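Step one of this worksheet: look at the structure below.
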Amino acid sequence: MPSQRGSARRRQRGVLLAGIAILLLALVLAAVLASALTRGKKEESLEPLRWQGRGTTRNLREIVLGRCYGYLAERRAELGDKDCLKIWESLKDAFIHKNPCNATTEDYQPLMKLASHPIPCNKSLFWSKTNDLVHLYTKSSRRFLTLEDTFLGYMFDGISWCGDPSAPGINYESCPKWSECEGNPGSVFWKMASKMFAEAACGVVQVMLNGSIETGAFRSSSIFGSVEILNLNPDKVSEVQIWLMHDIGGPQSESCSGYSIKKLKNILEERNFKITCEDNYRPVQLLQCVHNPDHPDCSLCTNSTEAP
Ligand code: APR
């Protein structure tokens with residue numbers, strides 16, 4: 001009898017131990033499964049949103065600070081005191097951690113204020129579809145100033161930035177194209193900067209347009225057409241001079257008497273501005289000739305400019 005009772009107890013202990021072992025195994029498995037699941041979720045939320053445009057420029061902080069200090073080193077006398085670190089912080093506050101389709105003008109107001117400076121009369125030069133040529137000209141003559149030659153435009157020209165709700169709050173992989181959503185950081189920033197640049201203009205202003213564009217030199221949907229001309233102040237700006245440039249040897253799609261230029265003249269006249277237009281403004285054409293010295297338009301005896 002005692003040996004039968006002993007073996008029954010051993011069996012009971014065995015069953016108990018097996019039960020405990022199974023329970024422990026189940027607990028370990030559950031813990032492993034739970035940790036794998038939460039890790040998967042965390043990794044998922046670390047993925048930045050995907051857009052069609054290029055992502056934030058790498059080393060954005062260093063580039064903005066470098067350009068800021070560089071510009072000030074040359075022109076601090078004209079600009080007065082500007083705080084580059086504050087400028088960087090205000091850019092960062094405008095977009096970091098935010099959904100890049102929800103940018104607002106309020107986000108960028110402090111940055112605009114920190115970087116603004118007066119622009120002398122008769123110096124403002126606007127442009128559309130002539131980015132390379134206009135800046136070749138302003139760099140070589142310094143008689144005029146585009147938005148990209150001002151402190152604000154210079155710091156942010158050609159770079160891209162946008163935020164993202166997930167860490168680290170900046171999306172280096174992609175940012176929305178202007179066509180993807182209206183409230184994207186680039187579009188909000190450049191439209192505000194263009195508005196401010198136009199409002200500050202006084203005296204005679206210039207605009208360099210591209211007469212080799214098939215769809216017309218002036219587009220009312222461009223920033224020049226939709227923001228800048230509407231924000232020129234007729235009480236401060238006396239005259240708008242149009243320089244209509246053609247690619248050397250390229251198509252002469254439109255001259256000063258062309259359809260889109262007439263449209264531009266009408267808009268400006270309605271706003272009481274005096275207007276002139278010149279085909280192939282010679283100082284700029286001479287710069288184009290650096291790359292095409294043998295073309296007939298570049299011959300010193302040519303007279304391809306046309307009075308308005
Ligand atoms: N998507 C991306 N970038 C754009 C877009 C867009 N839809 N529209 C304008 N831009 C930016 C680009 O950086 C481009 O190089 O503006 C620049 C100029 O665009 P254009 O079509 O050539 O000209 P426009 O829209 O008239 O803007 C030029 O705005 O930059 C100011 O004062 C400057 O007078 C100039 C005007």
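Side notes on the structure shown:
- Within the stretch 161-179, restricting attention to residues that are surrounded by fewer than 16 Cβ atoms within 10 Å (Cβ to Cβ) and in contact with a strand residue (DSSP E or B) (Cβ under 7 Å, 6 or more places away or on another chain), the residue that is farthest from ASN99 (Cα to Cα) is LYS177.
- Odd one out for MET208, checked against (1) within 9 Å of the ligand (Cβ to nearest atom); (2) of a type outside the set (Phe, Trp, Tyr); (3) under 13 Å from the mean Cα position of the chain (by Cα): (3)
- Test: residue in the stretch 84-105 that is away from the ligand (no atom under 16 Å from the Cβ), acidic (Asp, Glu), part of a helix (DSSP H, G or I) and open to solvent by 30 Å² or more (accessible area, probe 1.4 Å): yes
- Residue count for the stretch 259-302, restricted to those that are at positive phi and surrounded by 12 or more Cβ atoms within 10 Å (Cβ to Cβ): 1
- Across the stretch 205-221, the number of residues qualifying as touching a residue at least 60 places away in the same chain (Cβ under 8 Å), assigned to a loop (DSSP other than H, G, I, E, B) and in contact with a Phe, Trp or Tyr (Cβ under 9 Å, 6 or more places away or on another chain) comes to 1.
- Here is the figure for the stretch 124-152: residues that are in contact (Cβ under 8 Å) with a residue 60 or more places away in the chain, more than 12 Å from the ligand (Cβ to nearest atom) and either acidic (Asp, Glu) or in contact with a strand residue (DSSP E or B) (Cβ under 9 Å, 6 or more places away or on another chain) (or both) total 1.
The values are calculated or read from the model by the stated rules, or taken from the named source; none is laboratory data. Keep in mind that what you see is a predicted model, and the values were worked out from it rather than measured. Using ideal geometry, Cβ is built from the backbone for each residue, glycine included, and neighbour counts are taken over all protein chains shown. Surface accessibility is based on the protein's heavy atoms, side chains included, excluding ligands, DNA and RNA. Shrake-Rupley method; radii C 1.70, N 1.55, O 1.52, S 1.80 Å.
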